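Asks: I am attaching a structure below and will ask some questions about it afterwards.
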Amino acid sequence: MLEATNELGNVALQAGGTLTDANAAAALAVGLAALGAGYAERGIGSAAVGAMAEDDDLFVNGLILTVLPETIVILALVVVFIV
Amino acid sequence: MSAVGSSNPEYVVARVRARRGSLYGDEEYRKLTRMGPAEIARFMEESSYGADINALGSRHGGVDLIEYALNRNLAEQFDDILDWSEGSLYDLIARYLRKFDAWNVKTVIRGVYTDADQSAIEVDLIRAGEFDDRRIRRLLEADSIDAVVEVLEDTIYGDPLREAYAEYEETDTLVPLENAVDRAFYERLLSGLGNAEPTRQYEAFLRAEVDFRNATNALRLARSGADIDPAAYFIEGGELFTRDSLARLARNLDELVEYIGDSQYGEELGPALRELEEADSLIAFEHATDAALLAYGDRLGTIHPVSVTPIISYILAKEREVENIRAIARGKEAGLPADQIESELVIT
């Protein structure tokens, strides 16, 4: 997958430097932030489900903690509005 | 329950931490030491052991009921942990839990050797290891040691047992067979561990356990003065002893105590060693090694919160709880006073 991304980058650069376009860069920023949030939620989510399986009362806490990394995507979204 | 895929420590650690919270604390132990066997069983029924007490309550009673319920609960909890874990995490946990397989194999062999009743053997098994129910049933149905060896042919115990069986036939003692099982277990325990930092700490813990096992064996041999070759009981993998140094030290108790006192474990085991010299009692030393392992396990669980170590830490704490409750129940049955039972418990 990494090679494919590299290829894509090369093609994009040859095609006239798409990434210098502010809108494209902002889109990339949001996408990467979402990827990071997804990775963080993977660990928290599985831990939350584990905790819930032992004790149902932890549902609300688990849910809140699981979506907490989502804030990073919202912060990244700010970038879209200021470019 | 498989060793494929990526490992999922987050899930297992979360579940194990929740269960750790329901282990008995000082307060419960204090209550338990003041109860009779029937009251202990009722107390357990209201805690996490409820299902086990109820399932076995119709067939057993008194201290036996407590003991079998403890074994059943232990087996179920550890089976659960193996069920949840995947990938390299499964491998790391299974390594340690295989000791119950080794225990089961030895129990079956001893049972067959003494012509014990099949159901009598069955209640002594702890089904916490990797063997599934089918293999355990086949083990129980085996009517000779040869048959036991055959059932285990495709496991890690197959080849070592086959070799030891020849020796067993010559001498008609179980020692070669039991040594073969133990050695197969310990060989697998420490081979091919990864290099990640949590795994290294886990490995250090396993090595400490091997060291303590060697030290206890050597102390027993040195005290009994029996004419047994200590090297035959040596377990590979520890840091404290080599086969030669153990064989030399086991001949002289004073030298051995001094050697352990000067080692890296000296600080933790020091008081117990002094007691050993004064009171000539091995029990204090064995308790000190248990407590040192448990304290180390507790520490392990906090340094790398999302790794194998908190799980191992829970497994240790659970094992210790089961042993403590058993000690209380057996002590009560024998009519020991509460404060003496309390001194037998290992609580951190």
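Asks: Between residues in the range A:69-83 that are part of a helix (DSSP H, G or I) and residues that are open to solvent by 80 Å² or more (accessible area, probe 1.4 Å), which pairs lie under 9 Å by C-beta distance while being six or more apart or on different chains?
Replies: A:Ala76/A:Leu32; A:Val80/A:Asn23
Asks: Hey, among B:Glu197, B:Glu163, B:Glu203, which residue is touching a residue at least 24 places away in the same chain (Cβ under 8 Å) and open to solvent by 20 Å² or more (accessible area, probe 1.4 Å)?
Replies: So the residue among B:Glu197, B:Glu163, B:Glu203 that is touching a residue at least 24 places away in the same chain (Cβ under 8 Å) and open to solvent by 20 Å² or more (accessible area, probe 1.4 Å) is B:Glu197.
Asks: Looking at (1) over 13 Å from B:Val105 (Cβ atoms); (2) under 21 Å from the mean Cα position of the chain (by Cα); (3) crowded, with 18+ Cβ neighbours inside 10 Å, which one does B:Leu177 not meet, given that it meets all the others?
Replies: Status for B:Leu177: all satisfied but (1).
Asks: Output the qualifying pairs, or none if there are none: Cβ atoms under 7 angstrom, residues six or more apart or on different chains, first residue in the range A:16-45 and touching a residue at least 24 places away in the same chain (Cβ under 8 Å), second residue part of a helix (DSSP H, G or I) and not hydrophobic (A, V, I, L, M, F, W, C).
Replies: A:Ala37/A:Glu70; A:Glu41/A:Thr66; A:Ile44/A:Thr66
Asks: Still on this model: Just one of (1) under 30 Å from A:Gly50 (Cα atoms); (2) open to solvent by 10 Å² or more (accessible area, probe 1.4 Å); (3) among the charged types (D, E, K, R); (4) not in a loop (DSSP other than H, G, I, E, B) trips up B:Glu130, so point out which.
Replies: Every condition holds for B:Glu130 apart from (4).
Asks: Also: Restricting attention to the range A:50-83, which residues are of a type in the set (Asp, Glu) and within 14 Å of chain B (Cβ to nearest Cβ)?
Replies: A:Glu54, A:Asp55, A:Asp56, A:Asp57
Asks: Moving on. Mind listing whichever residues of the range A:22-46 are open to solvent by 30 Å² or more (accessible area, probe 1.4 Å) and either within 30 Å of B:Arg19 (Cβ to Cβ) or among the acidic types (Asp, Glu) (or both)?
Replies: A:Gly38, A:Tyr39, A:Ala40, A:Glu41, A:Arg42, A:Ile44, A:Ser46
Asks: Name the helices (runs of 4 or more DSSP H) wholly within the range B:249-348 that hold at least 1 residues that are within 27 Å of B:Asp64 (Cα to Cα) and open to solvent by less than 20 Å² (accessible area, probe 1.4 Å)?
Replies: Where helices (runs of 4 or more DSSP H) fall fully within the range B:249-348 and carry at least 1 residues being within 27 Å of B:Asp64 (Cα to Cα) and open to solvent by less than 20 Å² (accessible area, probe 1.4 Å), they are B:282-303, B:309-333, B:338-344.
Asks: Pick out the one residue from A:Asp55, A:Asp21 that is modelled with pLDDT under 90, under 30 Å from B:Pro305 (Cβ atoms) and of a type in the set (D, E, K, R).
Replies: Details: A:Asp21 fails: under 30 Å from B:Pro305 (Cβ atoms).
Criteria check complete, one pass: A:Asp55.
Asks: Moving to a separate point now. Testing B:Val123 on (1) more than 22 Å from B:Lys318 (Cα to Cα); (2) surrounded by fewer than 17 Cβ atoms within 10 Å (Cβ to Cβ), one condition comes back false. Which one is that?
Replies: Of the numbered conditions (1) more than 22 Å from B:Lys318 (Cα to Cα); (2) surrounded by fewer than 17 Cβ atoms within 10 Å (Cβ to Cβ), the odd one out for B:Val123 is (1).
Asks: Turning to a different aspect of this structure: For the range B:1-107, list the helices (runs of 4 or more DSSP H) that sit wholly inside it and hold at least 3 residues that are open to solvent by less than 40 Å² (accessible area, probe 1.4 Å) and within 14 Å of chain A (Cβ to nearest Cβ); which are they?
Replies: B:9-21, B:62-84
Asks: Read through the list (1) open to solvent by 30 Å² or more (accessible area, probe 1.4 Å); (2) among the hydrophobic types (A, V, I, L, M, F, W, C); (3) closer than 28 Å to B:Arg243 by Cβ, then give the number of the only condition that B:Leu190 fails.
Replies: Result: B:Leu190 fails condition (1) only.
Asks: Taking the range A:22-49 as the search range and keeping residues that are facing chain B (nearest Cβ under 8 Å) and touching an Asp or Glu at 6+ places or on another chain (Cβ under 7 Å), which one is nearest to A:Leu77 (Cα to Cα)?
Replies: This residue is A:Gly43.
Asks: Does B:Leu189 count as closer than 30 Å to B:Ala284 by Cβ, within 20 Å of the chain's Cα centre (by Cα) and not in a loop (DSSP other than H, G, I, E, B)?
Replies: yes
The values are calculated or read from the model by the stated rules, or taken from the named source; none is laboratory data. Because the structure is a prediction, the values reported are computed rather than measured. No Cβ is skipped: glycine too gets one built from the backbone with ideal geometry, and neighbour counts run over all protein chains shown. Keep in mind that these areas ignore ligands, DNA and RNA; they rest on the heavy atoms of the full protein, side chains included. Shrake-Rupley method; radii C 1.70, N 1.55, O 1.52, S 1.80 Å.
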